[in-house]
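The values are calculated or read from the model by the stated rules, or taken from the named source; none is laboratory data. Given the structure is predicted, the values throughout are model-derived calculations rather than measurements. Note that each Cβ is placed from the backbone with ideal geometry, even for glycine, and that neighbours are counted across all protein chains shown.
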Amino acid sequence: MHTNNETSWLDESLIWQTLSQAGQHDSARVREILAKGRELKGIGMAEMAVLMQVSDPELLSEIFETARYVKNEIYGPRLVLFAPLYVSNMCCNECVYCAFRVRNKEIPRRALTQAEIAEEVRILVEQGHKRVLLVAGEALPQQGFQYILDAIATVYNTKVGHGEIRRINVNIAPLEVDEFKQLKAAQIGTYQLFQETYHRATYMAVHVAGPKKNFDWRLSAMDRAMEAGIDDLGVGVLFGLFDWRFELMALMQHAAHLEAKFGVGPHTISVPRLEPATGSDLASHPPFAVSDIHFRKIVALIRIAVPYTGIIMSTRETSDIRRETFALGVSQISAGSRTNPGGYHEGEPVNEQVSGQFSLGDHRPLDEVVRDISKLGYVPSFCTACYRLGRTGADFMDLAKPGLIKAHCDCNALSTFQEYLLDYASAETRAAGEALIAQRLTEMDPANRKTAERLIEQVRADERDVFV
């Protein structure tokens, strides 16, 4: 196996061995594993491998029900909302599944100026967003890494009335430790980086040229980020490049490695599926396409295996699939997304495949998404309190693992949702949202209800950014 010391934790032979030994198990063994999952302490690789084999409708339903239970116990009925902010689609990599690949001449290349970034942020703030995921290709403008630092400062410094972006998460290429330290000093929230595929041979086949071709450099990026003091990390797989069962097992190895070495597992796991992209035949015909039923199983298994970790669902997926996975473990969603630099200012493109990184499945604006999830009984949360109070890394996990975090989050979700309803919501969305807030207050225990009511009254009295 071609590894170095920093990436030797990824053990392909162990993954295949575990999968081959799992086989079909009787319902008693499956239910025994699910009972362990309900203890909110996670399950191991061998146990996950058993659940992967389940196809019986009744047992599959029990897997989904267990995921619902775990999600509710840890996170409650909240869904955190964010928007991606693409500042550049310039790239020096040749990744055969991506529209931004360097040899693709079908899309216009662009890196936003700081003034253009501020305009994008202004539009997002006026929609009601409070957190963004800053995304850039690996070929940066002349300023180099400083461009990213300047962009972060621009986002934080752009304020419109009551509104502002309170948390910036970042999805950019792997960095050296010193650069990660600068990113930490810029007050980012989560550093997000997807391995795309943990299968080395597949990785080498789909990354033809450029710095990203270095599998081990990318795989060890989270170690360097941790060493630099960034303790909120987001990992993920681009499902469809290789066997989803292998990828999930590798994700679990990655989470276990981070926890063993640093005492903190990933803050989030993202589950994007390969979607069509301009200039990519592979993206339109995934070599290991993941069916909807397997996709739902992926979300449920992650939730059971690593209950403390947030699961992110992007607008790659349709509104129907997104709704179906909310109950299975998803805790963060993007809304009203654009995947091309300047996309919020320019509006939805006539053909997103010509300008965006990939095709979107959910084109609804933020207000419509908020109204929809409110009617489903989920609380749209714009909360960023944990980051500002230092509840990150191990401190966050100490609250998340035993299910204590929702005592804070339920209150803060309602107060930030109240902000959104007063400042940005349409009349129809506000009516649905106010009804949901009233309902949720009646369902809270007396102490939390008192706290939530106090925060909500502060917001209604024109205070903003109140939290516990």
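Annotation: of all residues in region 132-159 being of a type in the set (Gly, Ala, Ser) and in contact (Cβ under 8 Å) with a residue 40 or more places away in the chain, the one that is surrounded by the fewest Cβ atoms within 10 Å (Cβ to Cβ) is Ala139.
Just for region 326-347: of the residues that are farther than 30 Å from Arg109 by Cα and buried (at least 24 other Cβ atoms within 10 Å of the Cβ), which one is nearest to the chain's Cα centre (by Cα)? Explain how you work it out, then say what you get.
We begin by selecting, within region 326-347, every residue farther than 30 Å from Arg109 by Cα; these are 326-331.
In the following step, the residues that additionally are buried (at least 24 other Cβ atoms within 10 Å of the Cβ) were identified as 328-330.
Numbers: Leu328: 15, Gly329: 12, Val330: 9 Å.
My answer is Val330.
Among the conditions (1) closer than 14 Å to Tyr97 by Cα; (2) buried (at least 18 other Cβ atoms within 10 Å of the Cβ), the only one that Arg218 does not satisfy is (1).
Hey, which of the strands (runs of 3 or more DSSP E) in region 261-352, taking only ones fully inside, have at least 2 residues that are touching a Phe, Trp or Tyr at 6+ places or on another chain (Cβ under 9 Å)? Can you show your working first?
Numbers: elements: 268-270, 310-313, 332-334.
Answer list for region 261-352: 310-313, 332-334.
Limited to region 59-72, what total is found for residues that are in contact with a helix residue (DSSP H, G or I) (Cβ under 8 Å, 6 or more places away or on another chain) and either loosely packed, with under 15 Cβ neighbours inside 10 Å or hydrophobic (A, V, I, L, M, F, W, C) (or both)? Of the residues in that region, 6 qualify.
Of all residues being hydroxyl-bearing (Ser, Thr, Tyr) and within 22 Å of Tyr86 (Cα to Cα) in region 346-374, which is modelled with the highest pLDDT? Just the residue, please.
At the first step, the residues of region 346-374 found to be hydroxyl-bearing (Ser, Thr, Tyr) are 355, 359, 374.
Narrowing the set further to residues that are within 22 Å of Tyr86 (Cα to Cα) leaves 355, 359.
Numbers: Ser355: 52, Ser359: 60.
The selected residue is Ser359.
Here is a list: His129, His162. Which entry is assigned by TED's automatic domain parsing to the domain that holds Met313, crowded, with 24+ Cβ neighbours inside 10 Å and either under 30 Å from Asp462 (Cα atoms) or not hydrophobic (A, V, I, L, M, F, W, C) (or both)?
Values: His162 fails: crowded, with 24+ Cβ neighbours inside 10 Å.
Result of the check over His129, His162: His129.
Selection of region 432-450 for residues being closer than 16 Å to Lys375 by Cβ and surrounded by 16 or more Cβ atoms within 10 Å (Cβ to Cβ) yields Ala432, Gly433, Glu434, Leu436, Ile437, Arg440.
Show me the helices (runs of 4 or more DSSP H) found entirely inside region 375-445 where at least 1 residues are outside the structural domain of Ser334 (by TED's automatic domain parsing) and modelled with pLDDT of 95 or more. Write out each step before concluding.
On the way: elements: 385-389, 393-400, 405-423, 427-443.
Filter on region 375-445 gives 405-423, 427-443.
Which residue is farthest from Val369 (Cα to Cα), if the candidates are limited to region 106-121 and must be surrounded by fewer than 19 Cβ atoms within 10 Å (Cβ to Cβ) and in contact (Cβ under 8 Å) with a residue 24 or more places away in the chain? Filtering first and then ranking leaves Glu106. In the set (1) out of contact with any Asp or Glu (no Cβ under 6 Å at 6 or more places or on another chain); (2) at pLDDT 95 or above; (3) under 22 Å from Pro272 (Cα atoms), the condition left unmet by Lys71 is number (2). For Val80, the conditions (1) touching a Cys at 6+ places or on another chain (Cβ under 8 Å); (2) more than 30 Å from Thr154 (Cβ to Cβ) are fulfilled apart from (2). Any chance region 37-51 includes a residue that's surrounded by fewer than 23 Cβ atoms within 10 Å (Cβ to Cβ), in contact with an Asp or Glu (Cβ under 9 Å, 6 or more places away or on another chain), more than 29 Å from Leu241 (Cβ to Cβ) and in contact (Cβ under 8 Å) with a residue 60 or more places away in the chain? Checked against the condition, which is being surrounded by fewer than 23 Cβ atoms within 10 Å (Cβ to Cβ), in contact with an Asp or Glu (Cβ under 9 Å, 6 or more places away or on another chain), more than 29 Å from Leu241 (Cβ to Cβ) and in contact (Cβ under 8 Å) with a residue 60 or more places away in the chain, region 37-51 yields at least one hit.
Considering only region 84-99, I want to know if a residue exists there that is of a type in the set (A, V, I, L, M, F, W, C), over 30 Å from Arg167 (Cβ atoms) and assigned to a helix (DSSP H, G or I). No, every residue in region 84-99 fails to be of a type in the set (A, V, I, L, M, F, W, C), over 30 Å from Arg167 (Cβ atoms) and assigned to a helix (DSSP H, G or I).
So, Leu124, is that one buried (at least 21 other Cβ atoms within 10 Å of the Cβ), under 29 Å from Ala250 (Cβ atoms), assigned by TED's automatic domain parsing to the domain that holds Tyr344 and at pLDDT 95 or above or not? Talk me through it step by step, then tell me what you get.
Numbers: buried (at least 21 other Cβ atoms within 10 Å of the Cβ): yes; under 29 Å from Ala250 (Cβ atoms): no; assigned by TED's automatic domain parsing to the domain that holds Tyr344: yes; at pLDDT 95 or above: yes.
So Leu124 does not fit the description; no.
Checked against (1) surrounded by fewer than 22 Cβ atoms within 10 Å (Cβ to Cβ); (2) within 23 Å of Leu282 (Cβ to Cβ); (3) in contact with an Asp or Glu (Cβ under 6 Å, 6 or more places away or on another chain), Val177 passes all but condition (2).
Residues that are in a loop (DSSP other than H, G, I, E, B) and among the hydrophobic types (A, V, I, L, M, F, W, C) occur in region 209-230; there is at least one.
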